[in-house]
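> Sending over a structure as structure tokens; questions will come in a sec.
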Amino acid sequence: MERVIMHIDVNNAFLSWTAVYLLNNGYKYDIRNSYAVIGGDEQSRRGVVLAKSTPAKKLGIVTGETLYSARKKCKVLKTYPMQYDFYKEMSQKLFNLLRQYTSDIEPASIDECYLDYTKVKRMYGDEIEFAKKIQKEIFDTLGFTVNIGIANNKLCAKMASDFSKPNKIHTLYDSEIEEKMWPLDVGDLFGIGKQTKAKLKNLNINTIYDLAHADQTFLYKYFKNQAKSMIESANGINNDPVNSNPIENKGIGNEITLDHDVYNKEELYDKLLFLSEKVGLRLRNLNKYAYVIVVVLKDVYFKRYSHQIKLLNPTNLTNEIYQTSLKILNEMWKDIPVRLIGIRLDNLTENFNYQASIFENIEDKSDFEKLDKVVDELKTKYGNNILKKAALSNKKK
DNA sequence: TCTGGGGTCCTAGGACCC
DNA sequence: TCTGGGGTCCTAGGACCC
């Protein structure tokens, strides 16, 4: 049976959701209709555009550019801060609304998901009518618009939802690929980013049509194993199933851009403690342990680099994460000032068999376990700011 | 008073083992 | 004495996505 897959994508998600929030809280006008962006905090050097309204987009403002540059394009631009918790809430409401119709929903990010319509088509009828219905229902009950792409596989549904915005429904059935997808620029193909696009252009492959008809052995020389899947994508071939099982986290990480460039690694120690607590708490909430601890730095030249340590036994202890990250930082430090630091936990596992080492003191471990448990409970009860480790609070004084 | 943060997947190269 | 080759694990970095 031919599959029918939908891709549902929130229009200007962060900006729309903040607009909804403001309207719900007595704001008199809708920022979606004005020159507005969601932006990071410029004081702490996070001043980039995270989402923009349609009017702002029309002036050439793009996601990722600095607010400084955006303001040059639009003198009256208004910026609003991120409201991440509210975004998460809206995201959950959207997915739950869709789950009323089928459980075959795969969230792809906070603001988009795939829906497999194949099995429920007999029940709900024509897919375009259904798309119109849920589009309206989302707007009426949640207050924001979505784009919906309809196709025979995930890739084409994704491509279709991107065709024109906002509040649109597009189809890209297999029979429409030639007409609707092949004329597009090769950089518009999902999976082709800036680097690959530039390489393809150099080879005189400019449109998706060109890529669809490129010679695989020729492309292999430049893209190795990526060549095959690139050509398949350009032909609209994709067999990935819609996976409704919640995707297991492969790793978790947090990073912070520092409000000034840091020249001494000692100054980064309390950042590492802060980050260790953050990722540690998230890991424990997942009931997982991590084998690999990674420290990431971005230097003042914007070059990112990382070092990692694989532990003999996986951990979920803040203190062990912190101590390990200190060790890694000291190893990797090369006296180049940095503007960002992060910690990632990788190779997560649910259970662990403790491998005793003669160098370890098991009693110490259980003390730290108890400490983390108490801290986590307090944080859950009273919020994240209730407790700061002594090292952090002493610094503040 | 320039340039976020959270992820995934892939690859190259080195170490190590047989 | 003149140099194998396969396989796996690990690390670092790159590309891509939202």
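> So which residues in the stretch A:180-213 are of a type in the set (Val, Ile, Thr) and not in a helix (DSSP H, G or I)?
A:ILE192, A:ILE205, A:THR207
> On the given criteria, is A:LEU98 under 19 Å from A:HIS170 (Cβ atoms), in a strand (DSSP E or B) and touching a strand residue (DSSP E or B) at 6+ places or on another chain (Cβ under 8 Å)?
Answer is no for this residue.
> Could you pull out the residue among A:LYS250, A:LYS228, A:LYS278, A:LYS310 that is exposed (fewer than 15 other Cβ atoms within 10 Å of the Cβ) and either touching a helix residue (DSSP H, G or I) at 6+ places or on another chain (Cβ under 9 Å) or more than 16 Å from A:ASN347 (Cα to Cα) (or both)?
Unique residue meeting the criteria: A:LYS228.
> Taking the stated definitions as given, is A:ARG339 more than 22 Å from A:GLY251 (Cα to Cα), at pLDDT 95 or above and in a strand (DSSP E or B)?
Taking the combined requirement at face value, the residue satisfies it.
> Can I ask one more? Within the stretch A:242-274, can you find the residues that are more than 7 Å from DNA strand B (Cβ to nearest atom), charged (D, E, K, R) and under 22 Å from A:GLU106 (Cα atoms)?
A:GLU248 - this is the single residue of the stretch A:242-274 that is more than 7 Å from DNA strand B (Cβ to nearest atom), charged (D, E, K, R) and under 22 Å from A:GLU106 (Cα atoms).
> Taking into account only those residues within the stretch A:298-357 that are more than 14 Å from DNA strand C (Cβ to nearest atom) and among the polar types (S, T, N, Q), which is nearest to A:LYS265 (Cα to Cα)?
A:GLN323
> In the stretch A:173-205, how many are touching a residue at least 12 places away in the same chain (Cβ under 8 Å) and farther than 28 Å from A:ILE5 by Cα?
Residues that pass the stated criteria total 5.
> Scan the stretch A:342-360 for residues that are loosely packed, with under 13 Cβ neighbours inside 10 Å and either at pLDDT 95 or above or not polar (S, T, N, Q) (or both) and jot them down.
Of everything in the stretch A:342-360, those that are loosely packed, with under 13 Cβ neighbours inside 10 Å and either at pLDDT 95 or above or not polar (S, T, N, Q) (or both) turn out to be A:GLU350, A:TYR354, A:ALA356, A:ILE358, A:PHE359.
> Now for a different question. Within the stretch A:231-273, can you find the residues that are among the polar types (S, T, N, Q) and part of a loop (DSSP other than H, G, I, E, B)?
Passing the criteria: A:ASN235, A:ASN238, A:ASN239, A:ASN243, A:SER244, A:ASN245, A:ASN249, A:ASN264.
> Restricting to the stretch A:195-221, and then to whatever is among the hydroxyl-bearing types (Ser, Thr, Tyr) and in contact with a Pro (Cβ under 8 Å, 6 or more places away or on another chain), can you tell me which residue is nearest to A:GLU232 (Cα to Cα)?
A:TYR209
> A follow-up question, please. Those residues that are without any contact (Cβ under 8 Å) to a residue 40 or more places away in the chain and in contact with a Lys or Arg (Cβ under 6 Å, 6 or more places away or on another chain), I need them from the stretch A:267-315; list them, please.
Passing the criteria: A:VAL300, A:ARG304.
> Can I ask one more? Could you check how many residues of the stretch A:269-303 are more than 19 Å from A:GLU377 (Cα to Cα) and among the hydroxyl-bearing types (Ser, Thr, Tyr)?
Final tally of qualifying residues: 3.
> On to the next question. How many of the residues in the stretch A:54-90 are without any contact (Cβ under 8 Å) to a residue 60 or more places away in the chain and either outside any loop (DSSP other than H, G, I, E, B) or in contact with a His (Cβ under 9 Å, 6 or more places away or on another chain) (or both)?
Result for the stretch A:54-90: 18.
The values are calculated or read from the model by the stated rules, or taken from the named source; none is laboratory data. These numbers come from a predicted model, not from an experiment. Glycine also receives a Cβ, built like all others from the backbone with ideal geometry; neighbour counts cover every protein chain displayed.
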